[in-house]
1. Based on DSSP H runs of at least 4 residues, each adding -39500 (n - 2.57), what is the mean residue ellipticity at 222 nm of the protein assembly as shown after dividing by all its residues, to the nearest 500 deg cm²/dmol?
2. Would you mind counting up the charge near B:Ser467? Only other residues with Cβ under 13 Å from its Cβ, with Lys and Arg at +1 and Asp and Glu at -1.
3. Return the sequence-ordered ³J(HN,Hα) values of the stretch B:254-268 in whole Hz as given by the Karplus equation 6.51 cos²θ - 1.76 cosθ + 1.60 applied to θ = phi - 60°, using x for Gly and Pro.
4. Label chain B by shape, choosing from rounded, prolate and oblate, from the square roots a ≥ b ≥ c of the eigenvalues of the Cα gyration tensor; if a/c is under 1.5 it is rounded, and otherwise prolate applies when a/b is larger than b/c, oblate when it is not.
5. Kindly express, to the nearest 10 degrees and within the range 0 to 90, the angle between helix B:480-491's C-alpha long axis and the longest C-alpha principal axis of chain B.
6. Please list the equivalent ellipsoid semi-axes of the stretch B:26-195, computed as the square roots of five times the alpha-carbon gyration tensor eigenvalues, in descending order and whole angstrom.
7. If you take the square roots of the eigenvalues of the alpha-carbon gyration tensor of the protein assembly as shown and sort them as a ≥ b ≥ c, do you get rounded (a/c under 1.5), prolate (a/b over b/c) or oblate?
8. What dipole magnitude, in Debye to the nearest 20, does the protein assembly as shown give about its Cα centre under +1 on Lys/Arg Cβ and -1 on Asp/Glu Cβ?
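Every number here is computed from the coordinates shown, using simple stated rules; none is lab data. These figures come from a predicted structure and were not determined experimentally. So basically every Cβ, Gly included, is an ideal-geometry build from the backbone, and we count neighbours across all protein chains shown.
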Amino acid sequence: MNRARLGKLAGTVWLAAAAGAVPAAAADWGRINLPRGVTNVSTRIYALHMMAFWICVGIGVVVFGVMIWSLIFHRKSRGAVPDVAMVHSTKVEVLWTAIPVLILVGMAIPAARLLVRINNNTDSQLSIRVNGFQWGWQYKYVGTNVSIISKLSLSSDAASMLDSGINVDRVPHYLLSVTHQLVVPVGEKIRLLITSVDVVHSWWVPDLGVKKDAIPGFINQASFIINPSKTGVYRGQCTELCGRGHAFMPIVVRAVTPAAFKAWLKRKEAAGKSAPAGASASTSPGVST
Amino acid sequence: MDQPYESTAHADHEHKPHGWRRWVFATNHKDIGTMYLIFAGVMFFLGGAAAMAIRAQLFKSGMELFDPGMYNSLVTMHALLMIFGAVMPAWVGLANWMIPMQIGAPDMALPRLNNLSFWILPFAGTLLLSSFFVPGGAPAGGWTMYPPLMEQFGASFPMVVFAIHLLGISSILGAINVVVTILNLRAPGMTLLRMPLFVWAWLITAYLLIAVMPVLAGAVTMLLTDHFFGTSFFNAAGGGSPVMFMHIFWFFGHPEVYILILPAFGVISEIIPTFSRKPLFGYEAMVYATASIAFLSFIVWGHHMFTVGMPVAAQLFFMLSTMLIAVPTGVKVFNWAATMWRGSLSFEPPMLFAVAFLFLFTIGGFSGLMLALVPSDYQYHGTYFVVAHFHYVLVPGAVFAIIGAIYYWLPKWSGRMYDMRLAKWHFWLSVISVNVLFFPQHFLGLAGMPRRISDYAPQFTDWNMVSSIGGFVFGASQLLFPYIIWRCIRSGKPAEARPWEGARGLEWELPSPAPYHSWQTPPSEAVLAHGAEH
């Protein structure tokens, strides 16, 4: 009795501690799954992910169900007598080898199809060179003079300092905002040519379903088509440990209509031409989050 | 009554050096096993301290405690200490203690080698830890040590390389000893297919160690020469390739993962039959499954690097080979479940940890299966989803199995029982907090939080707080463990030779505590049969 009460007390304390730690105002409990994203690929990845998840849940229900049944009904304290003769059965061994193989084949087929499609980088309408560096990204629009240096936004940078005294909840898109965004058109196939000038980085935007490593000496390709209705801002981060600033090299992609993109690119090109040689439009100070 | 062990009264059992000589010049498998376990325990708490610091830093968004460089050092050292300092030596310690007793041998086959392989460890550990105090601080490139990043860490970089060389030598020597002992010192009648599963698992693990530790040594040596002697193995500017390092590292790294978990499979296969009072279901299938997993572990390394830009065919190959591992792993889980089925279960502390292993390791297996699907992996790779996955297989997997093994065999080692109630508290606190700690990390990863970041966007704060609270409770609960062991050794009630009603195997035919030289005369066929049939 005493033990039971003690256990209950511990449980209550536990729950209270867990609940107390959660700032009610900032609660964002909904974010527990992959985003569906805004490209055909990201949506299909989401579907594959959910399929794999539910298959695992299904297997879990069966396997854990059997185990829990044993834990409840085959206990010594219930007077269960062990069936010591039950030590081997070729039939069940074959069965529980074959059934998982079938399930795996069922998962592998859609995964392989999608994989082949994702790795098709042909027929792109726009190529952008992505250079990772410690710590930020440089974007060059191939065939133009437009080059963008995209680093952590100044407000996030200031707030991220040790003992900055700045409440990060008040910083817009803390650690997920940049000085200059990557601007792309929706509805067009965009190919990224990704490399790095120093250490290995990785370019990831979950909503686009794209993650590719930026490796010095290699040019990796990745491509995406944002659904035409999905103009907006999509945020991601570097996902390969790259030193002190690893947490501080976000990626922000602004998807605009093709017409707006053309106009933007023209403006940037003109600005690039009028600027002195070597300096590109992006070096002018400015904060776009 | 059968009197299986006849030589307990022989005075020569107590013929051993005393004081510090007993430990420094140790050649006895039990003394060396004890030292391994103590070393592993110390490293577990140091690595755990690093983990607590990491969870404190991540308690909320906004840089709070450490500068990012220090944070990266903590992440790196946490991994190195836990993998090379805690889990691997703990398994070697258990191998030392149990293999001779389980196969009917007096000791390990190569006692002086055994002494060397242990005594390398404290020096390697000291070298590794002292890198915190050199200019530039401890290495901060992660335990994967990818170049060119790894070469940016001044004086600590060669220290880590040499520490890894030493740890690798120690592991190889330990593994050779295990192989030689198992293949040569088995009692007459102890055929390979009568060996306990723990011995089988260790035999296979030892081959994995011998195969891959030299590969790691080669990789870090090439890093070293790149940095100090102008070679360009991994330097793109000199014609080398950073990606080659990743391939070599993971060719070591994936079997390494199984080095950490296969002995756990062995332990679970000992504990579950004992407390189900029923022999292991599908013994031979278990052996073949373990061997298959070991073989497959050599051909799946590419799944750690799906985002580096491999050809589609290679990605497909690594996806399929990785998915294939689910088959023998599933066979093991099903056989354990079948062992409990229609058994007569009781839940002493070793069984509690084994059952938790069964459930939680399987959850880690599920996330592993999800990670194998390349398109999904593009989203999961490098996020907290991966962190959750490998901590599920390594903490409630490998670590719970080690704790369970110690609770299982401690009465045999010490001749005393421990406080069951306290050990159950240890279990319940651990099993609840470990889930509070790691389950939310699945959510964080899926929601977009990269791993190894020293600060994060505010939207990730809630689950990070929950995870940190779980972490602190888990860390604090582990302090119970040395206390329980200490109390057991000091003042536990005497243990019987077979303290667990359903225990089978030769070790339980020895008195408790087990004699200094386990089996001075090989156990007879009758003893063997008694051990197996009991």
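1. -18500 deg cm²/dmol
2. Net charge around B:Ser467: +2.
3. 6, x, 4, 4, 6, 4, 6, 10, 4, x, 5, 4, x, 4, 4
4. Numbers: a/c = 1.61, a/b = 1.49, b/c = 1.08.
It is prolate, given that a/c is not under 1.5 and a/b is the larger ratio.
5. 20 degrees
6. On the way: eigenvalues 272, 52, 32 Å².
With the √(5λ) rule applied to the stretch B:26-195, the semi-axes are 37, 16, 13 Å.
7. It is prolate, given that a/c is not under 1.5 and a/b is the larger ratio.
8. Once rounded to the nearest 20, the dipole reads 1700 debye.
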